[in-house]
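To start, the structure itself, in structure tokens.
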2 protein chains.
Amino acid sequence: MTQPLRIAIAGLGTVGAGVIRLIETNGELIARRAGRPIEVVAVSARDRSRDRGVDLSRYQWVDDTAALVHAGDADVVVELIGGSDGPALTLARTSLSAGKSFVTANKAMIAHHGLELAEVAEAKGVALKFEAAVAGGVPVIKGLREGAAANEISQVFGILNGTCNFILSKMESEGRDFAEVLAEAQALGFAEADPSFDIDGVDAAHKLSILASIAFGTRPAFDAVAVTGIRHVLAADIAEAAALGYRIRLVGVGEAGPHGLFQRVHPHLVPLDHPLAHVTGSLNAVVAEGNFVGRLFFQGRGAGDGPTASAVVADLIDIARGEFGPPYAMPAASLTAAAPEQASERRGRAYVRLHVADKVGVLAEIAAAMRDAGVSIESLMQRGANADGSVLVAIVTHEGPERCIAQALEKLESSASVLGRPMWMHVLGG
Amino acid sequence: MTQPLRIAIAGLGTVGAGVIRLIETNGELIARRAGRPIEVVAVSARDRSRDRGVDLSRYQWVDDTAALVHAGDADVVVELIGGSDGPALTLARTSLSAGKSFVTANKAMIAHHGLELAEVAEAKGVALKFEAAVAGGVPVIKGLREGAAANEISQVFGILNGTCNFILSKMESEGRDFAEVLAEAQALGFAEADPSFDIDGVDAAHKLSILASIAFGTRPAFDAVAVTGIRHVLAADIAEAAALGYRIRLVGVGEAGPHGLFQRVHPHLVPLDHPLAHVTGSLNAVVAEGNFVGRLFFQGRGAGDGPTASAVVADLIDIARGEFGPPYAMPAASLTAAAPEQASERRGRAYVRLHVADKVGVLAEIAAAMRDAGVSIESLMQRGANADGSVLVAIVTHEGPERCIAQALEKLESSASVLGRPMWMHVLGG
């Protein structure tokens with residue numbers, strides 16, 4: 001048997017402990033598949049005394065994470081600390097500069113600094129891999145980088161945040177409102193104490209920007225992702241959508257075309273005959289559209305220690321096999337700087353929900369605002385008065401320019417009859 | 001730019017022409033992703049004069065396929081002739097023995113001779129790749145071989161034949177019978193003039209045996225696949241299944257466990273909340289269950305020139321990148337020879353449909369046969385008399401040993417009241 005692949009792990013939270021458990025449980029099988037054993041040589045975390053359910057005594061303990069680079073003569077440093085900057089980024093830079101391969105599950109860091117790190121990795125001829133950063137255990141980066149590599153990919157979109165999908169699925173199946181379900185998800189450990197990265201769509205945007213770069217061969221552009229989360233989705237929206245044959249999902253959409261690179265994370269109405277409509281609970285799913293392969297669909301568990309560890313160790317097996325190349329499927333220097341396409345240039349169908357005062361002429365005002373902005377209405381539903389006397393109006397438009405919707409909503413928002421902010425969701429196309 | 005990867009293509013049917021069209025269309029992008037261009041240097045097919053919609057004048061034409069190995073100094077021979085033996089196998093053997101990498105879409109050949117060929121490829125240090133042999137454009141071999149490589153995989157199952165799924169979906173949506181829909185599928189080009197490989201499950205069995213070997217690390221064992229096709233599925237079965245909350249799909253199931261290796265292709269009742277129930281038309285889909293990642297689901301187009309060419313060229317890109325290893329994820333010599341598990345040893349729920357004479361005591365006879373064999377009935381439906389005076393009885397059993405069902409059916413088959421052969425389908429578990 002050839003030399004083992006020696007790894008040092010930074011961060012021993014649930015994922016770090018999961019990686020160790022996986023390597024201990026499946027070690028023999030991994031060695032057969034990888035052609036050599038994968039061996040943990042050193043670990044580092046904040047608290048040495050914490051019980052993590054795994055025996056760490058056989059590994060060198062390193063108090064100072066930054067010193068892990070030189071511990072135990074590791075071939076690969078595995079970073080599971082998290083955070084876009086700070087110790088994780090320092091470790092990435094020093095590891096790659098020292099000529100060590102680097103594996104991470106850190107989507108925030110890769111979204112912000114992936115290009116810089118890829119350049120160092122390529123210059124040093126080592127691996128930078130981050131399968132676990134997107135869709136947990138689902139090999140979607142590999143699917144795009146390698147499986148679909150023969151295709152010009154026009155679209156990549158999907159359900160990239162399990163917490164949001166869990167909440168939306170539960171709101172749907174139980175008819176309950178957002179705040180209540182979020183509180184329950186937090187109690188169950190499906191949502192963080194500070195859930196904003198998840199529910200405001202930032203986490204999904206990190207992942208989308210990574211996928212888009214690999215799918216389209218464009219430079220990562222996290223700042224160009226238009227992001228709206230699920231905070232303002234009501235149980236009533238889900239009910240209206242259901243009545244029309246849709247489910248509501250937080251979908252990250254990336255498209256590359258003649259108008260540039262479009263990236264958006266937003267709640268969408270997904271038709272029931274679309275596979276994303278059947279992605280429930282905390283599952284993740286990604287769709288990619290290639291010019292020869294057509295539509296590919298990947299689904300699985302997007303979070304949790306087992307799935308994330310599975311993706312981390314898959315990266316390690318690739319490295320052990322020597323089967324790795326440029327992190328973004330092509331050399332970082334050759335990624336193109338695509339101009340961002342503005343949402344205002346796009347066309348689509350929209351769902352608009354308004355709370356309005358229950359008085360004469362309100363519907364006429366809404367209809368006029370839509371007409372004046374050039375928005376064509378496909379369906380309109382008005383439900384009886386709420387407890388506060390307001391009335392809910394839900395509209396689905398025909399396909400048209402998004403800027404017309406924006407214009408209509410701007411006008412309506414300033415109307416005395418419209419209470420609060422209108423809700424605007426996109427209808428996912430074919 | 002480094003040296004191009006030079007390829008020679010044998011077989012210029014729709015897939016062969018598709019590979020050339022893909023390389024011509026996406027050539028520049030492929031070169032960026034692969035690190036070097038992929039260049040067709042020679043082609044061979046039976047009929048030089050046939051119009052294939054691609055310009056072949058720039059490639060060396062080789063009349064004798066066997067001579068392709070030495071044509072144009074190719075690095076890789078791409079075989080798209082088909083057939084488990086004959087010219088395809090000869091070409092595979094001579095190419096690999098000559099130290100050329102070999103890419104094929106030929107599931108029959110890989111199912112029967114993959115192990116032998118892998119041994120030669122490994123001895124020569126060249127690639128043998130066959131992503132296109134299973135599920136067309138869906139990167140499921142890569143998904144198992146690499147994406148799920150960290151996992152002990154207990155199950156792999158899926159919809160592996162697009163023709164059968166097209167027929168079953170159409171029977172379902174239109175309430176029509178098998179023969180009629182088959183004839184239409186043949187007219188549309190979705191089914192071959194001789195459809196038996198597809199509809200009798202042999203094609204799915206080829207693919208299942210390939211997946212099972214990669215998933216479980218076991219020696220390919222095509223002959224151990226128990227195969228039943230969809231010929232005897234009635235529109236009435238689909239209607240009964242629908243009434244019970246199921247759809248009928250031809251599912252290939254592979255399982256590895258303490259009782260050995262189980263491989264079966266059979267029509268199954270798939271619960272509506274299972275993702276395979278939503279795989280319609282000619283799509284393919286594969287589910288794999290890993291001990292850390294949980295359930296992975298892959299779906300896409302399983303046939304056609306575009307998807308198949310996409311998979312063939314993905315293999316070529318891996319080879320151009322130097323990112324390939326043992327074809328079966330581990331050295332062929334280290335694959336284990338698992339004992340086949342017999343269906344009679346298994347437990348499950350069953351759907352049984354009988355045509356019986358419309359006379360007193362028949363139901364009692366059926367119920368007694370089930371009871372005597374130890375089969376517990378969950379539901380039983382009897383529909384009014386058919387035109388021929390027979391009555392259809394559909395039974396779903398509770399979970400129990402399959403051998404008990406077999407025993408009950410054997411008894412009933414010999415009964416004068418039972419007309420024709422009973423239909424037995426399995427209910428797909430969780």
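Observations on the structure shown:
- Contacts under 9 angstrom Cβ, first residue in segment A:230-259 being at positive phi, partner in a loop (DSSP other than H, G, I, E, B) and not hydroxyl-bearing (S, T, Y), 6 or more apart: A:G245/A:L272; A:G245/A:D273
- Residue in segment B:52-60 that is modelled with pLDDT under 95, at positive phi and not aromatic (F, W, Y) present: yes
- Counting only strands (runs of 3 or more DSSP E) that fall entirely inside segment A:246-297 and contain at least 2 residues that are more than 14 Å from chain B (Cβ to nearest Cβ) and open to solvent by less than 10 Å² (accessible area, probe 1.4 Å), the qualifying elements are A:246-257, A:260-271.
- Search result, residues across segment A:306-323 that are at the interface with chain B (Cβ under 7 Å from one of its Cβ atoms) and open to solvent by 20 Å² or more (accessible area, probe 1.4 Å): A:R321
- Residue check, A:E39 modelled with pLDDT of 95 or more, out of contact with any Asp or Glu (no Cβ under 8 Å at 6 or more places or on another chain) and assigned to a helix (DSSP H, G or I): no
- Among the conditions (1) surrounded by fewer than 24 Cβ atoms within 10 Å (Cβ to Cβ); (2) under 21 Å from the mean Cα position of the chain (by Cα), the only one that B:E122 does not satisfy is (2).
- Residue within segment A:233-240 that is small (G, A, S) and open to solvent by 40 Å² or more (accessible area, probe 1.4 Å) present: yes
- Once segment A:194-245 is narrowed to residues that are of a type in the set (K, R) and away from chain B (no Cβ under 14 Å), the residue that is nearest to A:A339 (Cα to Cα) is A:K207.
- Test: residue in segment A:106-116 that is part of a loop (DSSP other than H, G, I, E, B) and surrounded by 24 or more Cβ atoms within 10 Å (Cβ to Cβ): yes
- Scan of segment A:142-156 for residues that are under 16 Å from the mean Cα position of the chain (by Cα), under 25 Å from A:H266 (Cβ atoms) and open to solvent by 10 Å² or more (accessible area, probe 1.4 Å), ordered by number: A:Q155
- Matching residues, segment A:1-20, being of a type in the set (V, I, T) and open to solvent by 10 Å² or more (accessible area, probe 1.4 Å): A:T2, A:T14, A:V15
- The residues of segment B:325-345 that are surrounded by 20 or more Cβ atoms within 10 Å (Cβ to Cβ), at the interface with chain A (Cβ under 7 Å from one of its Cβ atoms) and touching a residue at least 40 places away in the same chain (Cβ under 8 Å), listed by number, are B:A329, B:M330.
- A:A303 vs. criteria more than 7 Å from chain B (Cβ to nearest Cβ) and either assigned to a strand (DSSP E or B) or over 19 Å from the mean Cα position of the chain (by Cα) (or both): no
- Pairs are defined by a Cβ separation below 9 Å, a sequence spacing of at least 6 or placement on different chains, a first member in segment A:384-398 that is in contact (Cβ under 8 Å) with a residue 24 or more places away in the chain and assigned by TED's automatic domain parsing to the domain that holds A:E365, and a second member that is part of a loop (DSSP other than H, G, I, E, B) and acidic (D, E); the pairs so defined are A:A385/A:D358; A:N386/A:D358; A:G389/A:D358; A:S390/A:D358; A:V391/A:D358.
- Residue count, segment A:359-381 (criterion: under 22 Å from A:H426 (Cβ atoms) and of a type outside the set (A, V, I, L, M, F, W, C)): 6
- Output for segment B:33-45, where each listed residue is within 29 Å of the chain's Cα centre (by Cα) and closer than 14 Å to B:A67 by Cβ: B:V43, B:S44, B:A45
- Taken over segment A:130-140, the criterion of being at the interface with chain B (Cβ under 9 Å from one of its Cβ atoms) and in a helix (DSSP H, G or I) is satisfied by A:E131, A:V140.
- Yes/no for B:A338 being outside the structural domain of B:K207 (by TED's automatic domain parsing), at positive phi and under 25 Å from the mean Cα position of the chain (by Cα): no
- Scanning segment B:163-198 for residues that are under 12 Å from the mean Cα position of the chain (by Cα) and surrounded by fewer than 24 Cβ atoms within 10 Å (Cβ to Cβ) yields a count of 1.
- Qualifying residue in segment B:5-22 (condition: at the interface with chain A (Cβ under 8 Å from one of its Cβ atoms), touching a residue at least 40 places away in the same chain (Cβ under 8 Å), more than 24 Å from the chain's Cα centre (by Cα) and not in a helix (DSSP H, G or I)): no
Conditions (1) touching a His at 6+ places or on another chain (Cβ under 6 Å); (2) at pLDDT below 95; (3) small (G, A, S); (4) in the same structural domain as A:H232 (by TED's automatic domain parsing), marked per residue:
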position: A:K129; (1), (2), (3), (4): no, no, no, no
position: A:G143; (1), (2), (3), (4): no, no, yes, no
position: A:E146; (1), (2), (3), (4): no, no, no, no
position: A:A149; (1), (2), (3), (4): no, no, yes, no
position: A:L160; (1), (2), (3), (4): no, no, no, yes
position: A:L168; (1), (2), (3), (4): no, no, no, yes
position: A:M171; (1), (2), (3), (4): no, no, no, yes
position: A:F178; (1), (2), (3), (4): no, no, no, yes
position: A:V181; (1), (2), (3), (4): no, no, no, yes
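- For segment A:39-78, taking the residues that are hydroxyl-bearing (S, T, Y) and open to solvent by 60 Å² or more (accessible area, probe 1.4 Å), the one that is farthest from A:A311 (Cα to Cα) is identified as A:S49.
- Test: residue in segment A:21-33 that is open to solvent by 30 Å² or more (accessible area, probe 1.4 Å), of a type in the set (V, I, T) and modelled with pLDDT of 95 or more: yes
- Residue match in segment B:365-377 (condition: part of a strand (DSSP E or B) and open to solvent by 20 Å² or more (accessible area, probe 1.4 Å)): yes
- One residue alone among A:V120, A:V181 is in a helix (DSSP H, G or I), more than 14 Å from chain B (Cβ to nearest Cβ) and in contact with a Lys or Arg (Cβ under 6 Å, 6 or more places away or on another chain), and that residue is A:V181.
- Qualifying residue in segment A:210-225 (condition: in contact with a His (Cβ under 7 Å, 6 or more places away or on another chain), in contact (Cβ under 8 Å) with a residue 60 or more places away in the chain and outside the structural domain of A:L80 (by TED's automatic domain parsing)): yes
- Tabulated pairs, segment B:31-46, first facing another protein chain (nearest Cβ under 9 Å), second among the polar types (S, T, N, Q), C-beta under 6 angstrom, 6+ apart or interchain: B:R32/A:S334
The values are calculated or read from the model by the stated rules, or taken from the named source; none is laboratory data. None of these values were measured; they are calculated from a predicted model. Glycine also receives a Cβ, built like all others from the backbone with ideal geometry; neighbour counts cover every protein chain displayed. For the accessible areas, the whole protein counts, side chains as well, though only heavy atoms, and no ligand, DNA or RNA atoms are used. Shrake-Rupley method; radii C 1.70, N 1.55, O 1.52, S 1.80 Å.
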